[in-house]
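**Q** Questions regarding the structure given below will be posed in turn.
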Amino acid sequence: MVSFGQYRRGVNVAGAEFGENNLPGTLGTHYTFNSENTFRYFAEKRLGVMRLPLKWERLQHTPGSPLDSAYLAGVKNNVAWAKAHGAEVILDIQNFGRYSFGTGASLQTYIIDNRASDGAVKISTADLADLWVRLSNEFKFERAVFAYDLMNEPHDMGQASWKAIS
């Protein structure tokens, strides 16, 4: 990696988490991945850490299932481009302690480890752990992945404890 001095500076490279009302959504319509030019530009500005916000529902269409190969390919391309320009990436799940099922008007969002109106827990700590086991296995030997952000801004967690979940 290129040395950017004593302090690490970076930037969010947003797009892959956009369109949260359209899940999983369509690439190029509801969300996007940035091009190599984006990574080159920020690396040239000495911003060597790039935070890549991601949507859990796009990585895993169903909790506990394999990762979506097309979305994962977009993530891997972004990591490769960051690496090619001497930068590193923080993979960030941008879900606020939640997971949404369905599409469009029928989209239902549930808080991790909270009971739904039918009494069932629709999304759990085990589901989040499964996501991270799968995702970290994809990148465990990738030196350009600087860090993992387990969940961006979990809030209003109801009966659940983010401290316990994380």
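The values are calculated or read from the model by the stated rules, or taken from the named source; none is laboratory data. Remember, predicted model here, so these are calculated numbers, not experimental data. Note that we place each Cβ from the backbone using ideal geometry, even for glycine, and neighbour counts take in every protein chain shown. In case anyone asks, the SASA skips ligands and DNA or RNA and just uses the protein heavy atoms, side chains included. Shrake-Rupley method; radii C 1.70, N 1.55, O 1.52, S 1.80 Å.
**Q** Tally up the residues in region 1-16 that are out of contact with any helix residue (DSSP H, G or I) (no Cβ under 8 Å at 6 or more places or on another chain) and either closer than 20 Å to LEU128 by Cα or free of Cβ contacts under 8 Å to residues at least 40 places away in the same chain (or both), please.
**A** 5
**Q** Restricting to region 153-166, give me the number of residues that are of a type outside the set (Ser, Thr, Tyr), open to solvent by less than 90 Å² (accessible area, probe 1.4 Å), on the phi < 0 side of the Ramachandran plot and in a loop (DSSP other than H, G, I, E, B).
**A** So the answer is 4.
**Q** From LEU91, LEU150, grab the single residue that is among the aliphatic types (A, V, I, L, M) and open to solvent by less than 30 Å² (accessible area, probe 1.4 Å).
**A** Sole residue among the options that is among the aliphatic types (A, V, I, L, M) and open to solvent by less than 30 Å² (accessible area, probe 1.4 Å): LEU91.
Every residue, every condition in (1) touching a residue at least 60 places away in the same chain (Cβ under 8 Å); (2) open to solvent by less than 30 Å² (accessible area, probe 1.4 Å); (3) not in a strand (DSSP E or B), yes or no:
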{"residue": "PHE18", "(1), (2), (3)": "no, no, yes"}
{"residue": "ASN21", "(1), (2), (3)": "yes, no, yes"}
{"residue": "ARG40", "(1), (2), (3)": "no, no, yes"}
{"residue": "MET50", "(1), (2), (3)": "no, yes, no"}
{"residue": "THR62", "(1), (2), (3)": "no, no, yes"}
{"residue": "LEU72", "(1), (2), (3)": "yes, yes, yes"}
{"residue": "ALA80", "(1), (2), (3)": "yes, no, yes"}
{"residue": "GLY86", "(1), (2), (3)": "yes, yes, yes"}
